[in-house]
Amino acid sequence: MKTIFLDEHTHFDEPCVATIGFFDGVHRGHQYLIRKVVEKAKQAGMPSVVVTFDQHPRAVLQKDYVPELLTTNEQKFDLLARTAVDCVVVLHFTPTMAALTAQEFMAHILHHQLKVHALFIGYDHQFGYHRREGFADYVRYGQQLGMEVIRNDAYVDDEEGKQVSSSIIRKMIREGELPLANRCLGYPYTLTSNVIGGFQEGRKLGFPTANLDIEQITQLLPAQGVYAVQAQIDKTGAWYRGMTSIGTRPTFHGTSLSIETNLLDNYHANIYQHQLSIAFYERLREEKCFSGVDDLRQQLVQDAENVNMFFNQLNE
């Protein structure tokens, strides 16, 4: 897959079949849309293109808006690379671009620069200044430009019977429903950050933890609680079983939020200042304030057993 960061000098030499969107999460609904683009492009003998943005458009338009992202740009581009699309075009979203009407955007960028022959629109996607125009308008503008505009139907999960969307997945993650979120994503929800020094209470209990730097995380955090996870160091090599706590450490009278992971599989190496990726699979329990460290230690032993039981059953 080729990635192109569009500027005013970029012009495609041949027509293409494209779709456009922010594609946060590159979930199964997005993957379904991209498959349709790829199929149409192959039939037409043209390259397939995904047009996306380098930052959330709303974050540009509303300075106080903090998007609850499912993926970082790095993760998004990696997930797009796993599809069969030929090219990803990344637009630098600016107030100037935001001021373009849908007709101007289609004419100047999609038609003139990218030579889009056929454009797939997600079932609920709108673009252009204030997003005032709808699918019928896009079709009309496309006809004027010689561009076919196609509305893609919503992707519905066969087992759940529900439409898959980024907003639905965010709701699941906020509520700690990671198995459902992962089913809709098509992969385990993952956070990555540097490991920083912590409070050392876990080590005293026999469960040393790697503490993630929350300040580096731009994605939506799952609901507070204890999770069965898999962890990878520096984005290479093996994935280790682990248990991750998201919370304020109430047993130790903590007040600030922390993300702490105990790696199982007899992993004992020092990973301070290394990157740790945490893939969330199942919420084991809510965060709880224990009467003392002995009760907490006993619960951690049970949590570790539950993690191993979960992954043993998952691998059967």
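The values are calculated or read from the model by the stated rules, or taken from the named source; none is laboratory data. Computed from a predicted model, the values in this text were never measured in an experiment. Backbone-built Cβ (ideal geometry, glycine too); neighbour counts: all protein chains shown. To get the accessible areas, we keep the full protein, side chains included, count just its heavy atoms, and leave off ligands, DNA and RNA. Shrake-Rupley method; radii C 1.70, N 1.55, O 1.52, S 1.80 Å.
Using only Cα positions of the stretch 47-137, each an equal point scatterer, no hydration layer, compute I(q)/I(0) via Debye at q = 0.13 Å⁻¹ and quote the log10 values to two decimals. Ignoring solvent entirely, the Cα scatterers give -0.49.
With both residues required to sit in the chain, DSSP beta bridges show an antiparallel share near 60%.
Decide, for the stretch 2-157, between rounded, prolate and oblate: order the square roots of the alpha carbon gyration tensor eigenvalues as a ≥ b ≥ c, take rounded if a/c falls under 1.5, and otherwise choose prolate if a/b is larger than b/c, else oblate. Because its axes are fairly even, with a/c under 1.5, the stretch 2-157 counts as rounded. The count of lysine pairs in the chain with alpha-carbon distances below 17 Å, taking only pairs 8 or more places apart or on different chains, stands at 7.
State whether the stretch 1-52 is rounded, prolate or oblate according to the following rule on the C-alpha gyration tensor (a ≥ b ≥ c being the square roots of its eigenvalues): a/c under 1.5 gives rounded; otherwise a/b larger than b/c gives prolate, and the remaining case gives oblate. Judged from the Cα gyration tensor, the stretch 1-52 comes out oblate (a/c at least 1.5, b/c at or above a/b).
Taking all protein chains together, Lys36, Lys63 sort by accessible area into Lys63, Lys36, largest first [probe 1.4 Å]. Here the Debye sum runs over all C-alpha atoms of the chain as equal scatterers in vacuum, and log10 of I(q)/I(0) at q = 0.14 Å⁻¹ comes out as -1.05.
Taken as Cα centroids, the stretch 158-194 and the stretch 104-134 sit 28 Å apart, rounded to the nearest whole angstrom.
By the gyration tensor of its Cα atoms, with a ≥ b ≥ c the square roots of the eigenvalues, what is the shape of the stretch 230-314: rounded for a/c under 1.5, prolate for a/b over b/c, or oblate? It is oblate, given that a/c is not under 1.5 and a/b is not larger than b/c. For the stretch 16-87 versus the stretch 242-303, the inter-centroid distance based on Cα atoms is 34 Å. One quarter of the convex hull surface built on the alpha carbon atoms of the stretch 92-166 amounts to 5.9 nm², the projected area averaged over directions.
Per the Cα gyration tensor, the stretch 111-254 maps to an equivalent ellipsoid with semi-axes of 44, 17, 15 Å, ordered largest to smallest. Ordering of 135-147, 261-273 by packing is 135-147, 261-273, highest average first (other Cβ atoms within 10 Å, averaged per residue). Candidate membrane-span-like segments in the chain, meaning DSSP H helices with Cα atoms spread over at least 20 Å of their own axis and a Kyte-Doolittle mean of -1.0 or above, are 28-44, 293-314, with no membrane implied.
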